[in-house]
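Visitor: Below is the structure I would like to discuss, written out as structure tokens.
Bear in mind that the values in this text are calculations on the coordinates, not laboratory data. Quick caveat, the model's predicted, so the values are computed rather than measured. Every residue, glycine as well, gets a Cβ built from its backbone with ideal geometry; the counts of neighbours run over all protein chains shown.
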Amino acid sequence: MAHSPLSVLVVEDEPLVRIVVVEELELLGFVVAEADSASGARRIFERGREMTAAVIDVGLPDARGDELAREIRTHWPHAAIVLVSGYDEETLRQLLTGYDRIGFLSKPYMASDLVAVLGRFGIHATVPTASSTRPAF
């Protein structure tokens, strides 16, 4: 499966948060696919287009984000995964023990925080993040 080196799947059930995160990532040069649920993310898997990274809200209406992260790994084994939640990082880390290329963000976060986590996995924006001062969420 081919993928863009800047392709990111955003799975977030809160519409306003999803809109802001997607807009910020696109402004920074990322190609973004978006879903509001685990089932929406699964439809993206079925299209066969591999993504470089996935940003997943832990509290989805039809699955927990860590469960979806495991599914993503079966479809895109090398994708970086960023779990976003109000939970602390240690709690999230315990949910995905043994997985590599996993990052964590606590809400609220800035777009630059998300870009920094993606950057640790070698996924870099094409536009500098200094101009992005509003919260992604």
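Visitor: Going by the conditions given, is ARG42 over 11 Å from the mean Cα position of the chain (by Cα) and basic (Lys, Arg)? I'd like the intermediate steps shown before the answer.
Guide: On the way: over 11 Å from the mean Cα position of the chain (by Cα): yes; basic (Lys, Arg): yes.
Here the answer is yes, as ARG42 does meet what is asked.
Visitor: Further question: Of the numbered conditions (1) closer than 20 Å to PRO108 by Cα; (2) touching a residue at least 40 places away in the same chain (Cβ under 8 Å); (3) buried (at least 21 other Cβ atoms within 10 Å of the Cβ), GLU14 satisfies every one except a single condition; which is it?
Guide: Looking at each condition in turn, GLU14 falls short on (3).
Visitor: Considering only residues that are of a type in the set (Lys, Arg) and more than 22 Å from GLN94 (Cβ to Cβ), look in the range 45-73 and name the one that is farthest from the chain's Cα centre (by Cα). Walk me through it before giving the result.
Guide: Quick first cut of the range 45-73, residues of a type in the set (Lys, Arg) only: 47, 49, 64, 70, 73.
When the remaining residues are screened for being more than 22 Å from GLN94 (Cβ to Cβ), the result is 47, 49.
Values: ARG47: 18, ARG49: 16 Å.
If we take residues in the range 45-73 being of a type in the set (Lys, Arg) and more than 22 Å from GLN94 (Cβ to Cβ), then ARG47 is farthest from the chain's Cα centre (by Cα).
Visitor: A further question follows. Residue pairs, Cβ under 6 Å, 6 or more apart or interchain, first in the range 58-86 and farther than 20 Å from SER112 by Cα, second surrounded by 15 or more Cβ atoms within 10 Å (Cβ to Cβ) and of a type in the set (Asp, Glu). List them.
Guide: LEU60/ASP13; PRO61/ASP13; GLY65/ASP57; TRP76/GLU50
Visitor: Report, by residue number, each residue of the range 51-65 that is acidic (Asp, Glu) and crowded, with 21+ Cβ neighbours inside 10 Å.
Guide: Residues of the range 51-65 that are acidic (Asp, Glu), as a first pass: 57, 62.
Across the range 51-65, the qualifying residue is only ASP57.
Visitor: Does GLU24 fit the bill of being of a type in the set (D, E, K, R), under 21 Å from MET110 (Cβ atoms) and in a strand (DSSP E or B)?
Guide: Numbers: of a type in the set (D, E, K, R): yes; under 21 Å from MET110 (Cβ atoms): yes; in a strand (DSSP E or B): no.
For GLU24, the condition - of a type in the set (D, E, K, R), under 21 Å from MET110 (Cβ atoms) and in a strand (DSSP E or B) - is not met.
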